[in-house]
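First up is the structure itself, then whatever we jot down about it.
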Amino acid sequence: MSEYSWPGENGRHLPDVGSAWSETVRALPVSTRVTGEVIGRQPFGVFLALAGCPDAVGLARIDRMPRCMELPAVGQEVHGEVVWHADHNHQVGVVLGEWAEHGDLSARFPSGETVVGRITKITSSGVFVHLCDCVEGLVPLTGEGPGASTEGLHEGRQISVRIVTVDHERHRVLLAVAVP
């Protein structure tokens, strides 16, 4: 099987989504939690057969997927939430729960919390610290106190840091050196 496929290419009968569209929208309003099976993969996302709605096709778009994750495989069961309806092609937009949870940095890294990370790069602007898959933090170099210099620091070293704030746009976390 190729890495990419359309829903009808995986031995599944495609439903007549057009004739059931009004009922699908009624049954699956925005914010509805759904479970589905991946029935097709394309570079732009995955198609889903949605449990309990045999005449519906869901689409989880790749632009909602964290960059460090991969598309789920055909046949895999996934969970998510309805986020839109596309009347022109009768698709139900879904954000997969795994993607949403992974992308919520504020919940994973609350301000003031102290965590341990690994130094990945030292630059003139600061020290970059790997916190977990897909998430890097920055300890900016300041004029005084902890974080004033890179003395004793090197790439690969574990370091305790305090979460200052989250930059959602860049998927980074602003850090400060944790003072013992």
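What the table below lists for this structure:
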read-out	value
Helix-only [θ]222 nm of the chain, DSSP H runs n ≥ 4, -39500 (n - 2.57) each, per residue, nearest 500	-2500 deg cm²/dmol
The stretch 56-84-the stretch 91-123 distance, computed between alpha-carbon centres (Å)	17 Å
Within the chain, longest stretch clear of exposed trypsin sites (Lys or Arg not before Pro) (DSSP loop, no more than 11 other Cβ within 10 Å)	68-169
Stretch gain in nm, segment residue 23-residue 68, where the contour uses 0.36 nm per residue and the Cα spacing is subtracted	12.6 nm
Cα-Cα separations in the chain greater than 29 Å, expressed as whole percent	40 percent
Two-site label geometry, residue 44 and residue 160: point separation in nm, points 7 Å out along Cα→Cβ	5.0 nm
Cβ charges +1 (Lys, Arg) and -1 (Asp, Glu), total dipole of the stretch 6-149, debye	240 debye
Probe 1.4 Å, protein heavy atoms only - accessible area per residue of the chain in square angstrom	55 Å²
Sulfur and carbon atoms: percent of accessible area, the stretch 1-138 [1.4 Å]	51 percent
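The values are calculated or read from the model by the stated rules, or taken from the named source; none is laboratory data. Note that this is a predicted model, so its numbers are computed, not measured. Don't worry about glycine lacking a Cβ; one is built from the backbone with ideal geometry, like all the others, and counts go over all protein chains shown. Keep in mind that these areas ignore ligands, DNA and RNA; they rest on the heavy atoms of the full protein, side chains included. Shrake-Rupley method; radii C 1.70, N 1.55, O 1.52, S 1.80 Å.
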